[in-house]
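These notes concern the structure reproduced below.
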Amino acid sequence: MTIRICVAGATGWTGGSLVPAIEAAPDLALTGAVARRAAGKTIAGITVQASVAEALDAAAADVLIDYTSPEAVKGNVLAALERGVAVVVGTSGLAGPDYAEIDDVARRKGVGVIAAGNFSLTAALLQRFALLAAAHVPQWEILDYAGFEKPDVPSGTARELAERLGAVRAPAVGVPVEKLHGPKETRGAEIAGVRVHSVRLPGYVLSCEAVFGLPGERLSIRHDAGESAAPYVAGTLLAARRVREVTGIVRGLDTLLFGPA
């Protein structure tokens, strides 16, 4: 059975790579495309719409794939869920409370959502390896690297990693932030009890590093993304093929691949 897909952010960095991949897949069909600045134009024979609501009302879809912006993603997801359309979320910028609200709506509608800060296989392995380490090492912090002009901090990969590690347990703290001498901001931000440090410089695409420390030793688990969106395409389409099998939200490609940690 062919899965009908609408891509939000169809002209973007990842969306632009997803469209031809969907066209080339025998079990997938592109039925909708959303890109605000390209509205009215044609992509792969589909008229681009300005909003997800317009695209889903214009043509039926089984799955919405969202690679848009932090400002737009939540509204896009809720618009799809209200129409009974499953969603794959690759856009960063959503926090724990947002996912909780999305999960509630998805369960009420009996629809599935798969969300990941990063849909590459190696990023999924970073998540899983870090979760294993957190069960045995009580201290860790996260370093988040991205390009000079990336507006959201931290990246979706780093935020998701922090929230999931924080669910394992709160990392031990040597000196509480309120007792530090000097600018407290230098210790980074706290997300789910985890210190996260975001670096924004030219030369980076996206890197995320979890650093674990014990007396006399240190473990670093790091993922580095290249210049192409290709690593994210296969994982995203895997999620699109499986999202209708779930109800509510599943966070992390590693959860989809390997089951709950």
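Just so it is clear, none of the values below were taken in a lab; they were calculated from the coordinates. On a predicted model such as this, the values are computed, not experimentally measured, just so you know. Cβ atoms come from the backbone with ideal geometry, glycine included; neighbour counts cover every protein chain shown.
Brief remarks on what is shown
- Once backbone amide H atoms are built at 1.01 Å from N, Gly252 has Ala115, Ala116, Gly117 as its partners under 5 Å, excluding neighbours fewer than 5 places away on the same chain.
- Radius of gyration, Dmax [region 121-225; alpha carbons; angstrom]: 13.5, 41
- Label point distance in nm, Ala167-Ser51, each placed 7 Å from Cα along Cα→Cβ: 3.2
- For the pair Lys179 and Leu214, a Förster radius of 25 Å applied to the C-beta separation gives a FRET efficiency near 0.65, rounded to the nearest 0.05.
- Between 0 and 90°, nearest 10: helix 121-134 axis offset from the chain longest Cα axis: 30
- Distance between the 7 Å Cα→Cβ label points at Tyr204 and Lys41: 3.0 nm.
- Restraint check, Lys109/Lys150; Lys150/Lys184; Lys74/Lys150; Lys41/Lys109, Cα-Cα greater than 30 Å: Lys109/Lys150; Lys41/Lys109
- Summarised as an ellipsoid, the chain has semi-axes of 34, 19, 17 Å, derived from the eigenvalues of the Cα gyration tensor scaled by 5 and square-rooted, with the largest first.
- Sorting 135-147, 166-178 by their mean Cβ neighbour count within 10 Å, with the most densely packed peptide first, gives 135-147, 166-178.
- The chain - mean residue ellipticity at 222 nm from DSSP helices (-39,500 (n - 2.57) per run, n ≥ 4, rounded to 500): -10000 deg cm²/dmol
- Relative contact order, percent, the chain [alpha-carbon distance under 8 Å, six or more residues apart]: 21
- Directionally averaged shadow of region 57-134, computed from the convex hull of its alpha-carbon atoms, nm²: 5.9
- Within-15-Å neighbourhood charge of Leu237 [Cβ basis; K, R +1; D, E -1]: -1
- Whole-Hz ³J(HN,Hα) from phi, Karplus 6.51 cos²θ - 1.76 cosθ + 1.60, for region 253-258, glycine and proline x: 5, 4, 5, 5, 7, 10
- Integer Hz, Karplus 6.51/-1.76/1.60 couplings in order for region 69-78, x for Gly and Pro: 9, x, 6, 9, 4, 5, x, 5, 4, 5
- Whole-percent pair-distance distribution, where bins are 5 Å wide, for the alpha carbons of region 1-75: 4, 19, 32, 28, 13, 4, 1
- Computed FRET value (nearest 0.05) for Val246 with Phe129, which takes r as the C-beta separation and R₀ as 22 Å: 0.40
- Radius 15 Å from Cβ of Arg222, net charge of other residues (Lys, Arg +1; Asp, Glu -1): -2
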